[in-house]
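Just so it is clear, none of the values below were taken in a lab; they were calculated from the coordinates. Predicted model, so just to flag it, every value in this text is computed and none were measured. Positions of Cβ are generated from backbone atoms using ideal geometry, with glycine treated the same way; all protein chains shown enter the neighbour counts.
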Amino acid sequence: MREGLGSTSSNRTRAGISRRLRRHVVKAALWMTFHLPGLLPRGVARLLISAVARCAWWLDRGSRERATANLARAYPGQTPTWRDRVARGSYLQIGPNALDCYDFHRRSPEAVTHIVREDDSAELLDLALSSGRGVLVVSAHVGNFMLLTPYLAFRLASCNRLVHIVTGTPGIPAVALAVGRVFAGHGGVWLRRGGAFRRAEQALREGQVVVILMDQDSTRVRHATYVPFFGELARTTTGPAVLARLTDAVMLPMALIRESAQGYRLCASIPVEPSRTGDLDRDEWETTARATQALQEIIEEVPDQWLWLHHRWRQQPPSGWRPPAGHADAGAPPPLEGGAGDAQIEVREGT
């Protein structure tokens, strides 16, 4: 009996040490991702970051299992081999993305225009900017989400449109410092938690641009609802829907998708028109569901570029929860009408 208890205790100790070791390796990989580019030649840094990321992937069993479980929920018809490949690609892209962010603020304007292809998305963005209203860019942790805000700040610097991003602070201080440096590299403004909503509201009323990543279920987000995401209800912040209603901002789904080793494509969907039925709960749900659907469609184009590591479906609605009046089927979001060529944005005078 005692021998069995001792064996169990020893196994628990080894498991605890293994978890702490994996955690330290992952933190070290993150630190190297954000700091090695400044210490080594770019090619060497890229190779080293890639090697460390692969080691971290195999050591970080929790992230592997979480990512493949999420993919099984979102793509039940796909094979385990496909899901493993997508999960690994999602994890390994973090290093190259961070390296491109580090290099971005050192590139010349001519070089920047060559690494991002805009196509029709540029027309949607310019149409939103010319409306005389604030522009609320809703995005997701897909593609190089760290580079989206610096790129928009660079692109809009000539027209005096400040770009703000609302996000939390990374738990690793060194990473938080590096992320802040990336955001501020081209004049972006980082709105951290604590008054961020009011500052974002003010910026939108002044006709500025605000970026919000709305695809994660954070326990620190108090105002949220449950909307369909890959066929299952996911707890999602209603902050963007409230901001769009209060400020009459143009809500524009957007992401920066990787196309090559150092090339990206700016991907934008038709603007999401906030619901205005007079029922605030229903309006927030419908607007949030439409924005989430638009982002899902972007993710479906490049599933290996979304961050499947997150606990996206961790919190489920309480027993008996129903969507607001007028939506009997919680699994079906309100439809997005029209295509990119049908986008019409009302111009506001005197703003």
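Numbers for the structure displayed
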quantity	calculated
Order of W308, W190 under a 10 Å beta carbon neighbour criterion, fewest first	W190, W308
Built amide H within the under 5 Å cut-off of R107, gap 5+	none
For segment 309-319, 3J(HN,Hα) per residue [Karplus equation, 6.51 cos²θ - 1.76 cosθ + 1.60, θ = phi - 60°, Hz, x = Gly/Pro]	6, 7, 6, 5, 10, 4, 9, 10, x, x, 4
Sites A51 and S158, calculated FRET efficiency, Cβ-Cβ separation with R0 45 Å, nearest 0.05	0.65
Over segment 48-95, relative contact order from alpha-carbon pairs under 8 Å, at least 6 apart, %	52 percent
Loop-resident sites, segment 45-93, for trypsin sites (Lys or Arg not before Pro), counting at most 10 other Cβ within 10 Å (DSSP)	none
Table column - 3J(HN,Hα) (Hz), segment 74-81, Karplus curve with 6.51, -1.76, 1.60, x for Gly and Pro	7, 10, x, x, 7, 7, x, 4
Proximal charge balance of L48 [Cβ under 13 Å; K/R count +1, D/E count -1]	+3
Neighbour net charge for P96 - beta-carbon separation under 12 angstrom, K R +1, D E -1	+1
Ranked S139, S108, S63, criterion: other C-beta atoms within 10 Å, fewest first	S108, S63, S139
Ratio Rg/Rh, restricted to segment 266-325 and using Cα atoms, in which Rh is the Kirkwood radius	1.04
Radius 10 Å from Cβ of W313, net charge of other residues (Lys, Arg +1; Asp, Glu -1)	+2
Stretchable slack from R222 to E110, in nm (0.36 nm times residue separation minus alpha-carbon distance)	36.0 nm
